[in-house]
Amino acid sequence: MKNAIFTIMKKELRRFFGDKRMVFSTIIMPGLMVFIMYTFMGDAMSKQFSVDDKFSPKVEAVNMPADVAGMAKEMGMKVKDIPSDKLDGSKKKVSDKKLDLCIKFDDDFAANVASYDCTKGGTAPQVSVYYNSSSTESETSFNKMTNLLDMYESQMANKFDVNSDVNGTYDVATKEDTTGMVMSMMMPMLLLVFLFSACMSVGTESIAGEKERGTIATMLITPISRGNIALGKIIALSFIALLSGASSTIGTMLSIPSMMVGAEESVKSDAYGVETYVVLALVILSTVLVIVTLISIVSAFARTTKEAQTYVTPFMILVVLIGVSCMLGKGAQKDIYMYAIPLYNSVQCMVGIFSFKIVLSHIIVTIAANIACTGIGVFVLTRMFNSEKIMFN
């Protein structure tokens, strides 16, 4: 039995690794393309949603108090005083992205602020800040100005201070907390999609391709049991899919600093220990077995590789939806029966693993459920190999 399974595995691996173009397109290219794509996306987002460190907002203001203007200049803003009759023209320049900010203070603003008593009611002195949210520079200038005005308001009636120690650390979240939050929302979906894509690229051709080439009949008449053929194919395809999935995952991990705009110092992929990766590998292996088994069944049912790829497409959509579920919840599921659902259980386990909250019972149930599902799939695939109507129609 072992020799029979090994023979089928050798045949599949020899066919795959004997084709250099297939090796490059299935294993090397996915990781390379993922790295280039995510790095490019991260750099593009950084340029789109952030400004240069030397950026100096250009501001035109009506009736800006001298002390506010002084604070603005200390923050690197270039403030220009304009008369009230030029306010509309200034707003037009903001709309046309020729100016970052336009501000109008009420007449005698400083005196009105000093005399205003909120306990007596009445209308408080007004400040109108005009900006363009479609411009990163303008929106950044708006945020700086609102922070400045908040500081100015607190100075006018400073009854207490909040987080006044500039050297103090008030965010008590650890780097592990930040890393776990980001990675658990992103990596389970990406891993599941990468693994399914890898399995689909090699699995659809494995059986349907042999039908097209006419070699399936030769294999089925050999003195090897149909169950061993099914198991040998699934193990060999799982090994290839793992290599492809690992390539895409490595590419993703390397591109994380570029993807996480502004969070490079907080998100550390090296925060995970060896035991974390061992548990993750076991979950991924059991997941790949389920996916390869499913795609092999579809491939056996189809008459051509193209037809198999068509049948697999709806499952790809389902996998994406299952992957997205990790972004909608608040951490991994706590109910153990949820970990008996193939694929969904893998996503939830990955959420727990990347969140530094590994629950051994969840891992055991997930792996057991996936292996059981694979066993059922091997039985179904064996019955399909025994059916001449399915194999030779």
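The values are calculated or read from the model by the stated rules, or taken from the named source; none is laboratory data. For clarity, every value in this text was computed on a predicted model and none was experimentally measured. Note that we place each Cβ from the backbone using ideal geometry, even for glycine, and neighbour counts take in every protein chain shown. Quick note on the areas: whole protein, heavy atoms, side chains included, nothing else; ligands and nucleic acids left out. Shrake-Rupley method; radii C 1.70, N 1.55, O 1.52, S 1.80 Å.
Some points to look at:
- Residue-level check: of (1) open to solvent by less than 60 Å² (accessible area, probe 1.4 Å); (2) under 23 Å from E205 (Cβ atoms), E388 misses just (1).
- Filtered residue count, the range 210-224, keeping only those that are over 15 Å from E12 (Cα atoms) and open to solvent by 60 Å² or more (accessible area, probe 1.4 Å): 3
- The range 299-315 - residue that is in contact (Cβ under 8 Å) with a residue 24 or more places away in the chain and within 18 Å of P342 (Cα to Cα) and, of those, surrounded by the most Cβ atoms within 10 Å (Cβ to Cβ): V312
- In the range 73-96, the residues that are at pLDDT below 90 form Cβ pairs under 8 Å with partners that are open to solvent by 70 Å² or more (accessible area, probe 1.4 Å) and in a helix (DSSP H, G or I), at six or more places apart or across chains, as follows: V79/K73.
- Residue list for the range 241-293, filter: at pLDDT below 80, assigned to a helix (DSSP H, G or I), open to solvent by 10 Å² or more (accessible area, probe 1.4 Å) and of a type in the set (S, T, Y): T249, S258, S269
- Failed criterion for I358 (all others in (1) touching an Asp or Glu at 6+ places or on another chain (Cβ under 9 Å); (2) more than 19 Å from P188 (Cβ to Cβ) hold): (2)
- Qualifying residue in the range 185-199 (condition: in contact with a helix residue (DSSP H, G or I) (Cβ under 7 Å, 6 or more places away or on another chain), more than 22 Å from F40 (Cα to Cα) and surrounded by fewer than 24 Cβ atoms within 10 Å (Cβ to Cβ)): no
- Cβ-Cβ under 8 Å pairs, at least 6 apart or on other chains, the range 10-37 side closer than 17 Å to L195 by Cβ, far side of a type in the set (V, I, T) and open to solvent by 40 Å² or more (accessible area, probe 1.4 Å): G31/I250
- Output for the range 345-364, where each listed residue is surrounded by fewer than 20 Cβ atoms within 10 Å (Cβ to Cβ) and under 23 Å from C199 (Cα atoms): none
- Among helices (runs of 4 or more DSSP H) entirely within the range 343-393, having at least 1 residues that are in contact (Cβ under 8 Å) with a residue 12 or more places away in the chain and of a type in the set (G, A, S) singles out 344-354, 360-385.
- For the range 319-329, the set of residues classified as in contact (Cβ under 8 Å) with a residue 12 or more places away in the chain and part of a helix (DSSP H, G or I) consists of V319, V320, I322, G323, V324, S325, C326, M327, listed by residue number.
- Of the residues making up the range 123-150, just one is open to solvent by 70 Å² or more (accessible area, probe 1.4 Å) and at pLDDT below 80, namely T123.
- Filter result for S296 (closer than 24 Å to A246 by Cα, touching a residue at least 40 places away in the same chain (Cβ under 8 Å) and of a type in the set (S, T, Y)): yes
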